[in-house]
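Data first, discussion second: the structure below is written as structure tokens.
The values are calculated or read from the model by the stated rules, or taken from the named source; none is laboratory data. Computed from a predicted structure; not experimentally measured. Note that we place each Cβ from the backbone using ideal geometry, even for glycine, and neighbour counts take in every protein chain shown.
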Amino acid sequence: MASMTDLIFLLLIFFMITSTVVSPNAIKVLLPQGKEQTSAKPLTRVIIDKELNYYAAFGNDREQPVTLDELPGFLQSCAEREPEMYVALYADVSVPYGEIVKVLNIANENHFKMVLATRPPDSTDNE
């Protein structure tokens, strides 16, 4: 009986160690830092509203409607204007995660630096 217990603990330790070594295949995203840091690089904005409409803008330009197919070309033209730009993704809270991943994949395939825009938590939120 003692050998069965030893075997179970040995397997438990083995799986605990290997699970910390193996990193999941995740999408790498450059997250924004604290409010002390200001972005000196031009920012390209991609917005997805709750109706799944896409909008994009470079710098201080006004947002213009784009389709998902037009987005890579728009981002490439922005990168030609400013190679060190960041792409900020603003998505409504009701947007399915799959739509967000589509934009992240476009940015990843074209080697753009991405940030996800968030809002600070409200004091009334209990999440």
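Numbers below:
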read-out: Output for the stretch 62-83, where each listed residue is surrounded by 13 or more Cβ atoms within 10 Å (Cβ to Cβ) and either under 19 Å from the mean Cα position of the chain (by Cα) or under 15 Å from N110 (Cβ atoms) (or both); value: V66, L68, E70, L71, P72, F74, L75, C78, A79, E82
read-out: Number of the condition not met by D69 [criteria: (1) part of a loop (DSSP other than H, G, I, E, B); (2) modelled with pLDDT under 90]; value: (2)
read-out: Extreme residue, modelled with the highest pLDDT, among residues of the stretch 31-61 that are among the hydrophobic types (A, V, I, L, M, F, W, C) and surrounded by fewer than 13 Cβ atoms within 10 Å (Cβ to Cβ); value: A40
read-out: Meets criteria (modelled with pLDDT under 90 and either surrounded by 10 or more Cβ atoms within 10 Å (Cβ to Cβ) or farther than 12 Å from T44 by Cβ (or both)) for N105; value: no
read-out: Failed item, numbered, when Y86 is tested on (1) within 13 Å of the chain's Cα centre (by Cα); (2) at pLDDT below 90; (3) exposed (fewer than 13 other Cβ atoms within 10 Å of the Cβ); value: (3)
